[in-house]
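Worksheet for the structure shown next.
The values are calculated or read from the model by the stated rules, or taken from the named source; none is laboratory data. Keep in mind that this is a model prediction, so the values were computed, not measured. Please note: Cβ atoms are built from the backbone with ideal geometry, for glycine as well, and neighbour counts cover all protein chains shown.
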Amino acid sequence: MPPAGKRAQATKVESKARANDELDDTPLQAVVFADSYNRRFEVLCQDQPRILLPLCSVPLLTWTLESLSLSRVKQVFIFCGAHADKVRDFVESSPYRYTMDIQCLSSKTARSAGDALRDLDAMSVLNPDFPFILVHSPLVSNYDLSKMVEAHMARKEKDKDLIMTMGVGRGGSCHPESPVMVVDPSSSRLCFYAQNPLVPRHSRLKIPSSIFLEPPPGVDEWEVWSGTPANSSSHQGGYRDLGVDICEADVPALCTENFDYHDLRRHFVNGVLTSELLGKHIAVHLVGSEESRGESSNGMYIDRVRDTRTYGDISMDVLNRWTFPLTPDLMGSRKGEYELRKGNVYIARDHVSLGRTTALTGPLLIGARSALNEGTHIISSTLGQDCAVGPHTVITSSYIFDNVTIGDHCQVTQCIIGTGVKIGNGVKLGKGCLIGDGVTLGHGVELPDFMRVGRIRHVPEDLDSDEEDEEDEEEKNERLEILGHDSVGFIWPSEEEELAYDSDEDEDDLDPYERPKNKKYLQLGRTLSSLSEYPESCSTLSVASSSTASTPASLAASDDSLPDMPSLALDAVPPEFHAEASASLVRAYEEGHSVPNALLELRTLVMGYNAGIDRARGEVTGFLMSKMDFSGPAASILEHATQTWARWGGLAEGLSPDLTNIVLDVQAYSVSHEDARPWFGVVLRGLYESDLVPEEDLIEWRSLSAAKGEGAADKDKALWGELYAKGKAYVDVLEAMDSDSEEEDEEEEKGEEEEDDEEESD
Amino acid sequence: MDISGPSKRRAIDTIPFTAVVLVGYGENLYPLNEGPNVPSKAMMPVGNVPIINHVLDWVLASGVMDILLLVPPKDHDSISNHLTENYSRSTHARARIQLKRHSDGEGNEGSGTAGVLKRFRHLIKSDFVLLPCDIYPPRNLSLSSILDRHLASASSVLTAVLYEPAPAVKDSEEKILVAMDQAKGHLFMIQSLEALEEDVNLRMSLIERPHLTLTTRYLDAHIYVFRRTVLDLIASRPPRDLDSMREQIVPWLLKGSWQKGLQSEWNNILNPKRDLFAKALFYASASKPLDISLPSSPDPDGQPPHSTRPWHCQTILVSGKQGDHLIRINSLAGYWELNRKLIRHLSALTPSRTTTPMPNAISSSAQISPDSVIGEGSTVGDRASLKKCIVGRHCHIARGVKLTGCVVWDFVTIEENARIENAILSSHVRVGDKAAIKDCEFGPGFEAPSGAILKGERLISGQEA
């Protein structure tokens, strides 16, 4: 690096530091966790720790140190887990060691942030009289964190029991890791903190009443801070937990005292907030809220790389210059390395070769010595150094590290590709694929969405060493089938499967954010915008993947025009699922399997094909309906229907948390099958009499707009309406029959009814 | 007499609203509500004027001329007489005040407030404001400002008034937890604090609203401005849902304002179909209400997405600036607070504001401080002393009596040399000579014997002192 630039920055930092003598007396300390204590980037982190992964060709640690040095931090402790030597080497060679005192601490035994803090406490390197900045994940920020420290110290003056200030940011898009916080705005004290995973979406939140019944004197107002909802209409967006805490020395000490604190949010924050015994308080600081004092600031951008989703988002923010002055063309040591062209296209000045017909659609970044060919099209992506991309390859919203070779006529969409990967010609990568360092993909390989490929095999977290660790035949076949013979690499199980086996026992113990279904949405390329719009996808936690046949609502197309949020239609279910599922159903029906067994089989299929249980339920109801005999008189049809539902209804029930969906599916089937149409009411009665669908769900069905055919294709609308009228007649009668019993708790029922309505149309 | 001074007349004198004044039974006013000849709650004297006058004057001052008074059957006659005396055609030519008993035309709707409204909905032709008979608004709050706020927002079906209570009253009123969007003034939830269980159970769709604030600072003034169609909604509900506007209808509307299910379910009733041209204008208008929820493709084909929430509820927050709080006299604490407030005002006013009693009825040797009022026909004996007192009509205060900080209703007799401090003596109370009474409230017709020494008692007629 050119030391001149660095020195210039160093003096800048110093002059700023002089301006503020309060912070000058004691050097500001920061602790950075190099390890994430989760496995979100694992496939990319075979050779290097997460914190050294490049973002816009700059290692995340550099971004973090840059942010800290902007914040007048004098001493940084980098707490390393795996690959500690790599971090050490990096620090040795980095220019930041001239301006800051950087120490790498490593611990092989720390398995969580709580462990790390305990180790830190034992090392007693921190100044006990002065707060330090704790950085959970790599930061990209142009915000001066020392302001947060000042705010913390000002609050500490008033409230001696304050031990921590959590940084909170405003805005941003929906993220599956957004917490709900209840804050007393007068003192910025945090009263309540709840993790709020996107799926399973909690429909309600319990806040302890004591917050409102026994508030501290003078406090009678609380703000509720929550994340940006999936389909937010607000311009400001919600609140984000930045993973930056200003901690007093009590924090590591408390962790030492409470050895069961692991996650800093789930255990530590909740522990402190709910324990009156500790008598400690936590405050929150909204980034930017100090602006009212009229101080000039560098900027207010602050975000952390938590997962591949935020990795992509932040890369785009950097390219779009939200992080100014930390942009590829201006950032300290690399000043002048990139040329900024219009449309936020950054191209290294060092021997980048572009073909005559290469198309570049910004924002994008192309590293030094990379070569693009004729007809190559790069859209909103970053390419590292020494990459070569063949002709007519299209790369969209992907992040490609150094030394990557991509052949011709490839399609790469929303992927992250590690260092030294070689990709042959005509390769198609589905969106969200992560390709680990050193993998080779042969010609013509097509990877399905969200596939992870690593150079070495995936090692489950809790694998005992004596268990068989060899690739078995089946796995090998699968690998060869997908990757072909020319490829070097192993297929990793999809992230949601990874934890699926053992998640049942310790469901409660598991971080709600790390549950497979929520974790899935942390991946690059997953669409969130329409998550909560469908009753199915919402309640079943599956990606809205139901086919057109199951419910009319699933036809919805996302109107989201953001490039990184394509519509859900891409998430289509492979046709094999239909074949497999119906085969399995036929088998179960003919051989008389028990319902739980058949259900298990179906669920496996759903998992395997990533099909979503709505689709599966659609299959089941369709199948059962097709087994009904609609030729006889009404009485026999009713009898038959009731029998069928009683015997097999459990299948559909097991696949639908919301029983109204069964009714909708039956309706959908009847729309498309003429023979069933006249008997819709009778089938409904069968549903009711077989105790499969209780009355309240039928009533709820009656209130659904989807049941009235809203959203169905135009030609079918009349049919939907017709069937709805038939069904409604029956439900009306049913309701009238025992309206007495129903009237008692109509309000409650109303509550439930709307809950689903709400999810449907939210 | 309007102590708060005449309100400004609006340029447009009438606005198409109906005011519905609900007169309650005054359950929380013990001991003032026990004994012979208990006046209606509406007739409780506040500065020697029945509270209902304050309310009616407040309503009329806003230009609302249609008033529907719903009173308990037992109070009908007294209020009816009072109205003919005070609000006749001759004094209030344009006011149209109707008086109905709660029980009139009773059917199977039940006698709850919502049921009563349902029964009399044919009398309410326009959007209406529902208010209790026992409020005393602060001077800076005019009803027209509340109604204007309601009218200003096209999609508002309910505008509720919340107020910051005076500190002395706070503990005696029902405390509530309110969820609202303070920036927009939207109201989402009113939940009684007493009814809270261990956890407050909130829906995520409420939690995820931007700018959500929870507060216990305010109390419910029970002033609600409703859209007319709310009556249609009430009419569609079964009788068991119609016990109380406050406990059932209002919470439902609040809930429905942010819950999609209820919202769409009730939308047909609350927002009856407009003609297409109006709708076109509505969608074409650039000045859409602020709460635009982006079209989130709720349904696939067809069905244009709603770009706005069809209806919502909002609130007006009344802060107690400069100690001028909104006060409700539905409890003794409230009644005390209001009287204290009046006395404070009196001391600031010139003595000419007080009703001049017949000169010969008051002994020249009596000392009456300027912050006291004495109603007409009352007599005060020699060397009696009155400080910070409100004395009603036709009272007899014998010589040597010392009254401090007392509220004395009509027809009260206080015999010689009694000393009374901080007490409410309701009508027909009789206090014997040389009694010493402090911090007491006496119900109508109570008689304290001679020489009685009472402190901190609440007594009603027939009880032994």
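Annotations
- Within segment A:628-639, being without any contact (Cβ under 8 Å) to a residue 40 or more places away in the chain and not in a loop (DSSP other than H, G, I, E, B) holds for A:Ala635, A:Ser636, A:Glu639.
- Flag if A:Pro229 is out of contact with any Leu (no Cβ under 7 Å at 6 or more places or on another chain), buried (at least 22 other Cβ atoms within 10 Å of the Cβ) and within 12 Å of chain B (Cβ to nearest Cβ): yes
- Residue check, B:Asn48 among the polar types (S, T, N, Q), outside the structural domain of B:Phe442 (by TED's automatic domain parsing) and on the phi > 0 side of the Ramachandran plot: yes
- Selection from segment A:316-374 of residues that are over 24 Å from A:Ile416 (Cβ atoms), assigned to a loop (DSSP other than H, G, I, E, B) and charged (D, E, K, R): A:Lys335, A:Lys342, A:Arg349, A:Arg356, A:Glu374
- Here A:Val219, A:Val180 are screened, and the one residue that is of a type in the set (Val, Ile, Thr), within 13 Å of chain B (Cβ to nearest Cβ) and surrounded by fewer than 21 Cβ atoms within 10 Å (Cβ to Cβ) is A:Val219.
- Any hit, segment B:73-82, residues being at pLDDT below 90 and part of a strand (DSSP E or B): no
- Residues (outside any loop (DSSP other than H, G, I, E, B) and surrounded by fewer than 20 Cβ atoms within 10 Å (Cβ to Cβ)) located in segment A:606-627: A:Met607, A:Gly608, A:Ser626
- Given (1) of a type in the set (D, E, K, R); (2) farther than 12 Å from A:Lys728 by Cα; (3) in a helix (DSSP H, G or I), number of the condition A:Arg702 does not satisfy: (2)
- Complete set of residues in segment B:434-465 that are in a loop (DSSP other than H, G, I, E, B) and basic (Lys, Arg): B:Lys434
For every residue, the table says whether it meets (1) closer than 26 Å to B:Leu262 by Cβ; (2) in the same structural domain as B:Ile190 (by TED's automatic domain parsing); (3) modelled with pLDDT of 60 or more.
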site	(1), (2), (3)
B:Pro295	yes, no, no
B:Gln314	yes, yes, yes
B:Val318	no, yes, yes
B:Ile329	no, yes, yes
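- Meets criteria (within 14 Å of chain B (Cβ to nearest Cβ) and more than 22 Å from A:Glu601 (Cβ to Cβ)) for A:Gly709: yes
- Taken as a whole, segment B:248-266 holds no residue that is more than 14 Å from chain A (Cβ to nearest Cβ), in a loop (DSSP other than H, G, I, E, B), under 18 Å from B:Leu130 (Cβ atoms) and out of contact with any helix residue (DSSP H, G or I) (no Cβ under 6 Å at 6 or more places or on another chain).
- For segment A:37-71, the set of residues classified as outside any loop (DSSP other than H, G, I, E, B) and farther than 12 Å from A:Leu139 by Cβ consists of A:Glu42, A:Val43, A:Leu44, A:Arg50, A:Leu52, A:Pro54, A:Val58, A:Pro59, listed by residue number.
- B:Asn422 vs. criteria on the phi > 0 side of the Ramachandran plot, part of a strand (DSSP E or B) and at pLDDT 90 or above: yes
- A:Ser554, sole failed condition from (1) at pLDDT 70 or above; (2) assigned to a helix (DSSP H, G or I): (1)
- Residue within segment A:139-154 that is within 16 Å of A:Cys80 (Cβ to Cβ) and out of contact with any Asp or Glu (no Cβ under 8 Å at 6 or more places or on another chain) present: no
- Yes/no for A:Val389 being in contact with a Ser or Thr (Cβ under 9 Å, 6 or more places away or on another chain), among the hydrophobic types (A, V, I, L, M, F, W, C) and surrounded by fewer than 22 Cβ atoms within 10 Å (Cβ to Cβ): no
- Qualifying positions in segment A:179-232 - charged (D, E, K, R) and part of a strand (DSSP E or B): A:Asp184, A:Arg189, A:Arg204, A:Lys206, A:Glu221, A:Glu223
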